[in-house]
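S.K.: Here's a structure for you.
Read the figures in this text as sums done on the coordinates, not as results from a lab. Not measured: the values here are computed from a predicted model. Positions of Cβ are backbone-derived with ideal geometry, glycine not excepted, and every protein chain shown enters the neighbour counts.
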Amino acid sequence: MTIIARDEAGLTDEELAGVVAGRRKPHADEQGATAAFEELYDRYASRLLAYLSARRSLGDVEDLHQAVWMRVWDRMPVKFENGRFVHWLFRTARNLAIDKARAARTSRGAVQSLGNQDPIDPRQMNPDESLLRAERLEALNKALERLKQNEADVLRTWAAGELYDRDASGAGITVKRAYNLAHRAKLKLREVLRKALE
């Protein structure tokens, strides 16, 4: 037995999605599309939030949740093709979560590649990825220049995975001190990067 979600007016998810998807057509009812989208949000926001919470750290969930709904609004007119809305919504969320995870790995890879070696061959990336990676590396290098030398050094050691194996890369400080320094440096780097990428 299939359960079909309906609002007070008797519209199914798919009918509401069709109203939202049709908002770019001539003579479309923009207010009706907005109301239909809000109804879909009301129906699925809490379920989507629970789904994302099970797959991401809590700090990322709210931002990702909002990004999913923004993507749904933007892409519904061209990407939603009269299927089951709930499946499309969760597939969109899954794909966006994967994209964000890849971007995070790329950012961490950028920290790791601060030396002369570049772990990813730019020829294997498409031009957009290559450009985005170059911009991120440039922003990261500028941000690292704004940190104190010992903060930048401990971040490089952390990115190489050596920070906790020995005394802070021979800097003469304890592992506990190195951990605290790395934590503060990561927070500072994140803030500098956030400002640089805005």
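S.K.: May I ask you to evaluate 6.51 cos²θ - 1.76 cosθ + 1.60, the Karplus curve with θ = phi - 60°, for each residue of segment 94-100 and list the ³J(HN,Hα) values in order in whole Hz, giving x for glycine and proline?
M.R.: Working through the residues one at a time gives 4, 4, 5, 4, 5, 4, 5 Hz.
S.K.: Give me the one-decimal Kirkwood hydrodynamic radius in Å for segment 28-69, with the sum taken over alpha-carbon pairs.
M.R.: Working: mean 1/r = 0.0895 Å⁻¹.
Averaging 1/r across every pair of different Cα atoms and inverting gives 11.2 Å.
S.K.: Going by C-beta contacts inside 10 Å, put Tyr51, Tyr41 in order with the fewest on the left.
M.R.: Details: Tyr51 19, Tyr41 14.
Fewest-to-most Cβ neighbours within 10 Å comes out as Tyr41, Tyr51.
S.K.: Still on this structure, please answer the following. For segment 12-92, build the convex hull from the C-alpha positions and give me its volume per residue in Å³.
M.R.: Output value, Cα hull per residue: 81 Å³.
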